[in-house]
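Here is the structure we will look at, set down as C-alpha cells.
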Amino acid sequence: MPPFGLLHMRAWASLFGQLLRPRRAVFIREVRVHSQGTRDLSPQQMVVREKILDMVIGCFKRHGAKRIDTPAFELKETLTEKYGEDSGLIYDLKDQGGELLSLRYDLTVPFARYLAMNKVKKMKRYHVGKVWRRESPTIVQGRYREFCQCDFDIAGQFDPMIPDAECLKIMCEILSGLELGDFIIKVNDRRILDGMFAVCGVPESKFHAICSSIDKLDKTSWKDVRHEMVVKKGLAPEVADRIGDYVQCHGGVSLIEQMFQDPRLCQNKQAREGLGDLKLLFEYLTLFGIAEKISFDLSLARGLDYYTGVIYEAVLLQTPAQAEESSNVGSVAAGGRYDGLVGMFDPKGYKVPCVGLSIGVERIFSIVEQRMKTFGQKIRTTETQVFVATPQKNFLHERLKLIAELWDAGIKAELLYKNNPKLLTQLHYCEDMGIPLVVIIGEQEMKEGIIKLRLVASREEVAIKRENLVAEIQKRLSES
C-alpha cells in the first residue's frame, strides 16, 4: 500500500489516543430508538461520527472533488422507476394540494437530476446527506430507515475505466484508513450479467427481475434464490441452473480470461465488451497497487436499475472470532457506472456518463461503536483547551474578562456558570471532561499581576505574567 495507509493509520490512532482516554471506563450508552428505524445520537457518538466523516471527506477532497447539496425531497416522478423492485421503499409525502413529493432514496438520482437541470457535462463531486428508505431496520447491523450517505461521483466523457479505477482506489484508501480490518471489493459488470442472462435463456423482459434475485446472494443461499427465480418469477428450472453455474465463479484476471474462452458467454457482444473493460480495469488497479483487494465476482448484481457497466461492493472479511462476537454488517461501500441516468432528466435525452461510489457510514459507525463498547474507553465530547477557574468568591467579573480574552484569541475555553463555584468542583470538572489546562485567578494573583496556569494531567502549577498568558497558552497548546 502507498504511504496513504500509514498516514491514516496514524490519524486513526490519533483519534483513539486523543479522544479515548483510559482514566475511567465509560461505555457508549445505547440510545433507545424512539421511532422504528431512526435514532438519536449522543455527544460521544457524534464525536466518533464526525471523525469518520472527516476522514471520508478528506479522501474525497484529496481526489479533487467539489461538494454539492440537493433537497431532502424530490418530485415523486424524479425518483420513480429508478430503483427496480426497491421502488416500493421510497417514502412518499402526503399530498398537500400541490406537487407530489417523495423523500430522496439515495444521492445518485438527485445528482443526475442536478447535472441535467444545470446542463453540467463534466464534474467530480462529493455529497454527504441523509436519505430515507422504508425497509425493515436491523439496528445491530447498522441498517436504518433514515441514514447518512457519503457519495463520490465522476461525471463526464473520459477514456474507459480510468475514473472507475479511481473510484475503487478511493474505496481502498477509506477502508484502509479507517482500520476496520481486512476487506475485499467484489466487481462485476451489468453487461456481463445481461449477457449471461441472454446466453442462459432468460427472456429479456425478466432481466431486471432476475438481476434483483441474484442481488440477494450475499444474504441468501443459492437454493433460496433459485426457488425465488423459478417459483415466484416464472423462470424455467434449467435456465436457473445454467445461471447457477456462472454465479458461483469468482477470482481475478485469470477468471476474466476464462470467461473470454467460455463457449456461450463469448458469443454475446455485451458480455465481451464488459469483459474487455474489466480486463483494462484490472490493469489500472494493478498500477494503483490495489489489485489484490479486488475480486471479479459473477454473483454481484447490484439491483438498482440505473447501473449500466462496472459495479462493485466492498465487504469486510471477518475472522472466525469476529464472526462469533458480532453480526454481519453486510457491504460497507458500493457503487458503479450509470451512463444513462442523466439523459432521463434531460429534455433532449443528452447523456452524461457517470461512475461513483457510496460509503456506508452507518454500518461503519456501528462497527466502530461496538469496538469502543468492548474496550470501555472514554471519549472526549468537547474540544475545550482551557478552563477559567477561581478559588475565591466574587471573581465572576474577572473570570468573564479573562475568558473573553481567550475566546478573542481563538482559544477554546469554558467556565462554570456560577458566581462563586468551589475550586475543587471546577478542577474535578476539568479532569472529567479531559480539559488539559486551567487558568486560576484570585486575590493574590491580582495583586502580583500574574495568572496561575495548571496542567490538569500532572497537577503542576506555574505562574505566568498576566500580559503573557495568551502567548504562553498558545505555545503550550502547539507543543501538545
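The values are calculated or read from the model by the stated rules, or taken from the named source; none is laboratory data. All values reported here derive from a predicted model rather than from experimental measurement. For neighbour counting, all protein chains shown are included, and Cβ atoms are generated from backbone atoms with ideal geometry for every residue, glycine included. Quick note on the areas: whole protein, heavy atoms, side chains included, nothing else; ligands and nucleic acids left out. Shrake-Rupley method; radii C 1.70, N 1.55, O 1.52, S 1.80 Å.
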Listed residues ASP182, ASP241, ASP215; which is under 25 Å from PHE260 (Cα atoms) and modelled with pLDDT of 90 or more?
ASP241
Name the residue, out of ALA271, ALA301, that is more than 24 Å from the chain's Cα centre (by Cα) and closer than 27 Å to LYS82 by Cβ.
ALA271
Candidate set: the stretch 274-290, residues that are open to solvent by 40 Å² or more (accessible area, probe 1.4 Å) and hydrophobic (A, V, I, L, M, F, W, C); chosen: the one nearest to the chain's Cα centre (by Cα):
PHE288
Qualifying residue in the stretch 234-244 (condition: in contact (Cβ under 8 Å) with a residue 24 or more places away in the chain, closer than 25 Å to GLU313 by Cα and in a helix (DSSP H, G or I))
yes
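Of VAL355, VAL329, which residue is more than 23 Å from GLN426 (Cα to Cα), among the hydrophobic types (A, V, I, L, M, F, W, C) and modelled with pLDDT of 95 or more?
After ruling out the rest, the residue left standing is VAL355.
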When ASP339 is evaluated against the numbered criteria (1) part of a loop (DSSP other than H, G, I, E, B); (2) acidic (Asp, Glu); (3) within 24 Å of LEU53 (Cβ to Cβ), which criterion, by number, is the only one it fails?
(3)
Please report, ordered by residue number, the helices (runs of 4 or more DSSP H) entirely within the stretch 371-480 with at least 2 residues that are open to solvent by less than 50 Å² (accessible area, probe 1.4 Å).
396-408, 423-433, 469-479
Some residue of the stretch 92-107 being in contact (Cβ under 8 Å) with a residue 40 or more places away in the chain and hydroxyl-bearing (Ser, Thr, Tyr):
no
